[in-house]
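In what follows, a single structure is set out as structure tokens and then discussed.
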Amino acid sequence: MHISSAEIKDRNSLVFAFVGDAVFSLFVRAELAEISTAKAGVLHVEASKFVRASYQKYLLEILEPVLVEDELLIVTTSRNAKTNNVAKNSNLEEYKKSTSFEALLGYLYLTGKTDRLYQILDLCLEQIKNDL
């Protein structure tokens, strides 16, 4: 199931972030499970370091120079989306940028741009491994 280019305009950018949050969380958990022999509790603590808003903001800032026009549009649109929520352990800037990061991943997933999604996730993985 994929959203067509025409349907993108009908979607609230925060819907992309909703899906992107799950995509990134699964990616991080799967990668940690693959590279580590630690128990689930330890993996959960490690995963939490990478799925928090401040780290996602950091990843987005690394990724922005390699994003193409449609990806930058999603990032900008979701960053400017009105929201009344802010994660308990982040400030507004971190929250908005992490939401933009998640929206980017959700957009790529929902539009079926999986090759590009994996390119982006591979860049994230390189950084995660450097920060372990």
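We did not get these values from a lab; they are worked out from the coordinates using the rules stated. What you see is a predicted model, and the numbers here were worked out from it, not measured in a lab. Cβ placement follows ideal geometry from the backbone for every residue including glycine, while neighbour counts extend to all protein chains displayed.
Figures for the structure shown
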item: Cα centre as origin, Lys/Arg/Asp/Glu Cβ charges: the chain dipole, Debye; result: 480 debye
item: Neighbour-count order for F24, F101, F18, fewest beta carbons within 10 angstrom listed first; result: F18, F24, F101
item: FRET efficiency estimate (nearest 0.05) - Cβ-Cβ, N89 to E64, R0 35 angstrom; result: 0.95
item: Exposure proxy order (Cβ contacts within 10 Å, fewest to most) of L117, L43; result: L43, L117
item: DSSP H segments from the chain that extend 20 Å or more along their own axis, Cα-based, with Kyte-Doolittle mean of -0.5 or above; result: 13-35, 92-110, 114-131
item: The range 5-131: mean projected area of Cα convex hull, nm²; result: 7.8 nm²
item: Mean separation of Cα contacts under 8 Å, 6 or more apart, over the residue count of the chain: relative contact order %; result: 42 percent
item: Residue order, fewest to most beta carbons within 10 Å, for Y55, Y118; result: Y118, Y55
item: In the range 5-131, lysine pairs closer than 23 Å at Cα, eight or more apart or cross-chain; result: 23
item: Net length gained if the chain between N130 and K39 were fully extended (0.36 nm per residue, minus Cα distance); result: 30.6 nm
